[in-house]
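The values are calculated or read from the model by the stated rules, or taken from the named source; none is laboratory data. Every value quoted in this text rests on a predicted model; they were computed, and no experiment measured them. Ideal geometry is used to build each Cβ from the backbone, glycine not excepted, and the neighbour counts take in all protein chains shown.
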Amino acid sequence: MSSELSDDASGPVQGEPRWPMVAAVAAAIVLAVLRPAEIRIASPWVLPLIEFVLMIAFIVNDPGRIDRQSVLLRGLSIGVVGVLVLDALVATVQLVLILLHGGTLTNSAEDLLLAGGIVWLSNVIAFALLYWVLDAGGPAARAHGMPRNLDLAFPQQLSPEIARLDWRPRFIDYQYLGLTTSTAFSPTDVLPLAPWAKAAMGMQSLISLAVLGLVVARAVNVFT
């Protein structure tokens, strides 16, 4: 299927390159492997194996740029992201429980800060992928054209005069959204319009606030 698609008079629109998403998934897998045993629910190789199988199936069914629309590919992409989001949420809950009730990690400020950083960054990547895979029907659908009713409103969509007519949000835009939501604890330049987007951004803000607040407070207590 051709990767050059158009929904306006400004010229052909290409599907996104796949490597940013693959790099993000790979980074999330590395973080999962580096995660301390106390905040794992299985062997460190279980998640990489699941993600590797899903990613290979996804790439084989749609090589090159992301522009092919199908129920199978949509399911595979949501499966990849869903596993990462679930794993990040479970790790967050386990870390919070350890911070509240004590554990081996709380005996060392350095280990605690490292574990907190891994969990925090895992959530940033997981939620960025979640926004990327759900917004406007996913990357393949966005390559074919943006819907009139937006899920997430980017500045380029609210003020079209500042961007090209064929502008589409790409993975880097969603990665930035994930980062700013976890640091500002609220929307910054991207507005959530759909209920799922509001729920996801609200959850990510609460997770980031809990992890950063509890980890820093407990680390300071260990230091003193």
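Side notes on the structure shown:
- When each of VAL211, VAL190, VAL216 is tested for being at pLDDT below 90, buried (at least 16 other Cβ atoms within 10 Å of the Cβ) and of a type in the set (A, V, I, L, M, F, W, C), the lone residue that passes is VAL211.
- Residue count for the range 56-76, restricted to those that are aliphatic (A, V, I, L, M) and modelled with pLDDT of 80 or more: 6
- Looking across the range 152-175, the residues that are touching a residue at least 40 places away in the same chain (Cβ under 8 Å) and closer than 24 Å to TRP19 by Cβ come down to LEU152, ARG164, ASP166, ARG168, ARG170, PHE171, ILE172, TYR174, GLN175.
- Residue among GLY79, GLY138, GLY117 that is at pLDDT 85 or above, surrounded by fewer than 20 Cβ atoms within 10 Å (Cβ to Cβ), small (Gly, Ala, Ser) and touching a strand residue (DSSP E or B) at 6+ places or on another chain (Cβ under 9 Å): GLY138
- For the range 2-12, a tally of residues being acidic (Asp, Glu) and either assigned to a loop (DSSP other than H, G, I, E, B) or at pLDDT 80 or above (or both) returns 2.
- Lone unmet requirement of (1) modelled with pLDDT of 80 or more; (2) in a loop (DSSP other than H, G, I, E, B) for ILE50: (2)
- Residue count for the range 185-202, restricted to those that are touching a residue at least 12 places away in the same chain (Cβ under 8 Å) and under 23 Å from VAL90 (Cα atoms): 6
- Lone qualifier among ALA140, ALA136 - being touching a Lys or Arg at 6+ places or on another chain (Cβ under 7 Å) and at positive phi: ALA136
- Taken together, the criteria place LEU214 among residues that are in a helix (DSSP H, G or I), within 21 Å of LEU95 (Cα to Cα) and touching a residue at least 12 places away in the same chain (Cβ under 8 Å).
- Contact map, the range 125-137: first residue within 18 Å of ASP67 (Cβ to Cβ), second residue in a helix (DSSP H, G or I) and charged (D, E, K, R), Cβ cut-off under 9 Å, separation 6 or more or different chains; pairs are TRP132/ASP173; VAL133/ARG74; ASP135/ARG142; ALA136/ARG142; GLY137/ARG74.
- Counting only residues that are surrounded by fewer than 16 Cβ atoms within 10 Å (Cβ to Cβ) and either of a type in the set (D, E, K, R) or at pLDDT 95 or above (or both), the range 154-171 holds 2 of them.
- Number of the exception - ALA140 against (1) touching a helix residue (DSSP H, G or I) at 6+ places or on another chain (Cβ under 9 Å); (2) hydrophobic (A, V, I, L, M, F, W, C); (3) within 22 Å of LEU99 (Cα to Cα): (3)
- Residue in the range 165-188 that is assigned to a loop (DSSP other than H, G, I, E, B), more than 14 Å from the chain's Cα centre (by Cα), more than 20 Å from HIS144 (Cβ to Cβ) and charged (D, E, K, R) present: no
- Residues satisfying the stated conditions in the range 13-47, i.e. assigned to a strand (DSSP E or B) and either surrounded by fewer than 19 Cβ atoms within 10 Å (Cβ to Cβ) or without any contact (Cβ under 8 Å) to a residue 60 or more places away in the chain (or both): GLN14
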